[in-house]
Ligand code: ASP
């Protein structure tokens, strides 16, 4: 993510709701408070980080023309996947410590269909391969060489995904050879997108090149259904970004959806999931300053919300009425 977190358009919806430290209560009682926002009986799309603005715009073309949430989320996240300037997703993504760009992605629709690829190399649109896994195989997840072989059989083309800037950064990184993901700074990030279409159906997509300079073969939360993304068309959907190891540890997106099922608002469901991340960090004597995890959530009624571990995470929202980048409320303020 860009160090400058300049807002595209500031939403007043939740501005000022980030009050810094919150008591970490586990388990918390369901708080059926007001959601961060809602758009009833109309399409809506939200996605993580600033690059969500352009991605939402693409998804919106489909949603506003009566298309499905599934088509919308795939088309939306393909925008940063194809953009070499977005250095944490798809083409242009930062490589692992061996200099290889390896992509993780997953997709889930309103019927519970799922597809995922992990450690996919040299194929730009990991999300479309994930969708092909969902629609054209008896499986839900393909990895590495097998995922690539399947993609080629489906007509995807091999491409070099390592752009010059990423190569230079990697060569620089090799001098110290120190794995140190930095919270909110652009050496990781994921686009996770949630959409509700005019038929009232929800879908989600999540795609990333993962943590920069990760170990070869490392898989984060993003391609793992239940961790990086989860959709239940009776309840809502959630997706995650940030340090994938921490999201996997709490089965994050599935947890957010289950909390919404219990009556939590989208924001409070995300908040509770964040408090569990923090709780497990504390139990393990880890410093939460070193990590970022952010969730966004959308329920069946079109209510949405978000929460993150530390300030700096934002998400993009598009409805028929607005197009905004919203600063997520956070657990801890880190200056
Ligand atoms: N969740 C991604 C991963 O762990 C990275 C990110 O979203 O920042 O690979």
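The values are calculated or read from the model by the stated rules, or taken from the named source; none is laboratory data. Keep in mind the model is a prediction, meaning the values are calculated, not measured. Glycine gets a Cβ as well: all are built from the backbone with ideal geometry, and neighbour counts include every protein chain shown.
Of everything in the stretch 255-286, what is within 16 Å of the ligand (Cβ to nearest atom) and without any contact (Cβ under 8 Å) to a residue 24 or more places away in the chain? Give them in sequence order.
Within the stretch 255-286, 255, 286 meet the criteria.
May I ask you to list pairs of residues, at least six apart or on different chains, whose Cβ atoms are under 7 Å apart, with the first in the stretch 211-228 being within 10 Å of residue 248 (Cα to Cα) and the second being in a loop (DSSP other than H, G, I, E, B) and more than 8 Å from the ligand (Cβ to nearest atom)?
So the pair list comes out as 221/227; 226/251; 227/251.
Take the residues in the stretch 236-254 that are surrounded by 21 or more Cβ atoms within 10 Å (Cβ to Cβ) and more than 9 Å from the ligand (Cβ to nearest atom), then tell me which one is farthest from residue 193 (Cα to Cα).
Here the answer is 250.
For the stretch 70-88, give me the residue count where each residue is in contact with a strand residue (DSSP E or B) (Cβ under 9 Å, 6 or more places away or on another chain) and at pLDDT 95 or above.
Number satisfying all stated conditions: 11.
Does residue 177 satisfy the criteria of being at pLDDT below 95, surrounded by fewer than 24 Cβ atoms within 10 Å (Cβ to Cβ) and within 12 Å of the ligand (Cβ to nearest atom)?
no
Mind counting the residues in the stretch 289-300 that are in contact with a helix residue (DSSP H, G or I) (Cβ under 9 Å, 6 or more places away or on another chain) and away from the ligand (no atom under 15 Å from the Cβ)?
Here the count works out to 4.
With the condition kept exactly as written, say whether any residue in the stretch 201-214 is touching a helix residue (DSSP H, G or I) at 6+ places or on another chain (Cβ under 9 Å) and surrounded by fewer than 19 Cβ atoms within 10 Å (Cβ to Cβ).
yes
If you take the residues of the stretch 140-162 that are under 11 Å from residue 119 (Cα atoms) and without any contact (Cβ under 8 Å) to a residue 24 or more places away in the chain, which of them is surrounded by the most Cβ atoms within 10 Å (Cβ to Cβ)?
146
If you take the residues of the stretch 218-235 that are surrounded by fewer than 24 Cβ atoms within 10 Å (Cβ to Cβ) and within 9 Å of the ligand (Cβ to nearest atom), which of them is farthest from residue 127 (Cα to Cα)?
Across the stretch 218-235, the extreme among qualifying residues is 218.
Under 8 Å between Cβ atoms, at least 6 apart or on separate chains: pull out the pairs that start in the stretch 114-125 with a residue that is at pLDDT below 95 and end on any residue that is buried (at least 23 other Cβ atoms within 10 Å of the Cβ) and in a strand (DSSP E or B).
none
Mind checking which residues of the stretch 63-86 are surrounded by 23 or more Cβ atoms within 10 Å (Cβ to Cβ) and assigned to a loop (DSSP other than H, G, I, E, B)?
86
For the structure I just gave you, tell me whether residue 205 is over 14 Å from the mean Cα position of the chain (by Cα), under 30 Å from residue 262 (Cβ atoms) and within 16 Å of the ligand (Cβ to nearest atom).
Against the criterion (over 14 Å from the mean Cα position of the chain (by Cα), under 30 Å from residue 262 (Cβ atoms) and within 16 Å of the ligand (Cβ to nearest atom)), residue 205 does not qualify.
If we scan the stretch 61-69, do we find a residue that is closer than 18 Å to residue 151 by Cα and at pLDDT 95 or above?
Taking every residue of the stretch 61-69 in turn, none turns out to be closer than 18 Å to residue 151 by Cα and at pLDDT 95 or above.
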